[in-house]
Amino acid sequence: MLDVVVDLERNLADTPLPLELEGAAQARLLRDRVRAQITSHLLPRLRQLAMPAIVVVGGSTGAGKSTLVNTVAGEVVSEAGVLRPTTKQPVLVVHPDDRELVADHPVVEHTALVTAAGIPQGVALLDAPDLDSVHTENRHLGLELVETADLWLFVTTAARYGDALPWGILRTADERGVSLAVVLNRVSADVLVEVRADLLHRLDEAGFGSVPMFVVPDAGPHSGPLEPRYVEDVVGWLELLAGRATGRGVIARTLRGVWAPLRAEIATLTAAVEAQLDAVDALAAAARAAAAEPADALAEQVTSGGVAEGAPVTHWLAVASSGAPLAPLVDLPRGRLAARRLRRTTPERTTALRGVAADARQAFIDLVGAAALDVELRIREAWDDPALGGRELAARLTRSDAVERRGARIVAAWDGWVGEVRAVVEKPELPHSAAELDGALLDDEGRVLLVALAAVGIEGAARAARAIWPDAADVRINRAATLLVDRARTVIAAEGETFGSLAVAEIPPDAASALRLRASELRAHA
């Protein structure tokens, strides 16, 4: 059983519920509460059944909890007074011989550990903050400490026993299998019979008829602990509880009572995790869907020469005009003498082609960047749907981060494409005279750049390529153009996948199945 509970705690720790779905906040609170119960109560109990039984002394403000603890201890171990709240830090009081046994208990992290010889060996009294404390932190801690209890000693008064909050906590503690006892404190003799009877009736109606109840008479104005006679019934009961066999029985009973509600809570958490996983799938699908239309539109733009429009075409016309470096590509010279003259100016043509290619590269970056931004905005709009709970998740990927990642992807896409064009452009087998002219017109880099410019849609570059390589140009241009479209689509798909992977990474895909397995193991062991 210990291994099962250890695995369960680890599974809960690895189960974020990040999406703001309906009920997610409550599920996170439940997860944290179950983890607190496991780490502060179940694991310590399973590891060391000989540990003193933890008796949490809880109740409303002014019920006299600290005075009761001090009286049982026989000395002042917890501050008591009229100022509220008096219990600013929980106090765990144990017999000196039990100190080492509880020293490593997780509850010690939240309490002041003190010893008192008056505490029966085998029990530990925990003076908890008021359940209705004016301080939120104290109130939450008081509720959390109920999870650590082997037994909850509920302290109330004639004026406060009807308050709704303590009765709600009583039911919660009972549902969690915590053993219960009630102290009716500071009851004056003139109302004792009436109040005691009414409280017993209420306990019976609430299903707590068998819960031990103790009455502490009103001692009037006083300071410090009460006289021992006022709490002798409580002390006697604690001494009975302190007997190792009895104490282990209470602990075992508490542990037995834990499993059924724990399984129910794990089932609730499993359903919450499944809802989150379904939402993650929906978010990823929405991200992919948001990329589909812009990807098709971009492919059409690239195919129809959108990359060439504007600066690239203008630049080509400038460097391919009469007398400009690329003029020989427009009107091919013939003959060996022409080839020799052209060879001297080959570097100039490569430089000119680089300039046009730089403009085409920037045009590609701008065109694909605009499409990718459109995808991002579509995804953010889709994820803003409260039913998907992705608004906060989308906000984690800031606009600046998105722009930086996008820019790097687009640049890598273009540079990778140029590398692919290089593989496509193999020096064709040409007749000797044509080969000599080809070698004079362009070097290896120039051939790649000319095909690339033709592929992006610069018609002058395409005509030049066909003139130089009449049998091979169209195959190479078409192949390069297809590869460019593929690269553009890849960038757009990656935009959707960036958001999709952001969602998928939030929750382990086996989180729900792991919790279901733990629940079945609890059922088999309990």
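The values are calculated or read from the model by the stated rules, or taken from the named source; none is laboratory data. Model, not experiment: these values are computed from the prediction. No Cβ is skipped: glycine too gets one built from the backbone with ideal geometry, and neighbour counts run over all protein chains shown.
A compact table of results
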quantity	calculated
Residue check, ALA360 buried (at least 16 other Cβ atoms within 10 Å of the Cβ) and at negative phi	yes
Test: residue in region 77-93 that is assigned to a loop (DSSP other than H, G, I, E, B) and modelled with pLDDT of 90 or more	yes
Filter result for ALA372 (part of a helix (DSSP H, G or I), in contact (Cβ under 8 Å) with a residue 60 or more places away in the chain and out of contact with any strand residue (DSSP E or B) (no Cβ under 6 Å at 6 or more places or on another chain))	yes
Close pairs (6 angstrom Cβ cut-off, 6 or more residues apart or separate chains): under 10 Å from ARG487 (Cα atoms) in region 401-420, assigned to a helix (DSSP H, G or I) and among the basic types (Lys, Arg) anywhere	ALA413/ARG487; TRP414/ARG361; TRP417/ARG487
When residues of region 190-219 are limited to those that are in a loop (DSSP other than H, G, I, E, B) and either in contact (Cβ under 8 Å) with a residue 40 or more places away in the chain or over 12 Å from THR157 (Cβ atoms) (or both), the one farthest from the chain's Cα centre (by Cα)	ALA219
Subset of region 291-331 that is within 27 Å of ALA488 (Cα to Cα), of a type in the set (Gly, Ala, Ser) and not in a helix (DSSP H, G or I) - its residue that is nearest to the chain's Cα centre (by Cα)	GLY306
Region 482-506: number of residues that are buried (at least 22 other Cβ atoms within 10 Å of the Cβ), modelled with pLDDT of 90 or more and small (Gly, Ala, Ser)	1
Given (1) modelled with pLDDT under 95; (2) farther than 30 Å from PRO18 by Cα, index of the condition ALA318 fails	(1)
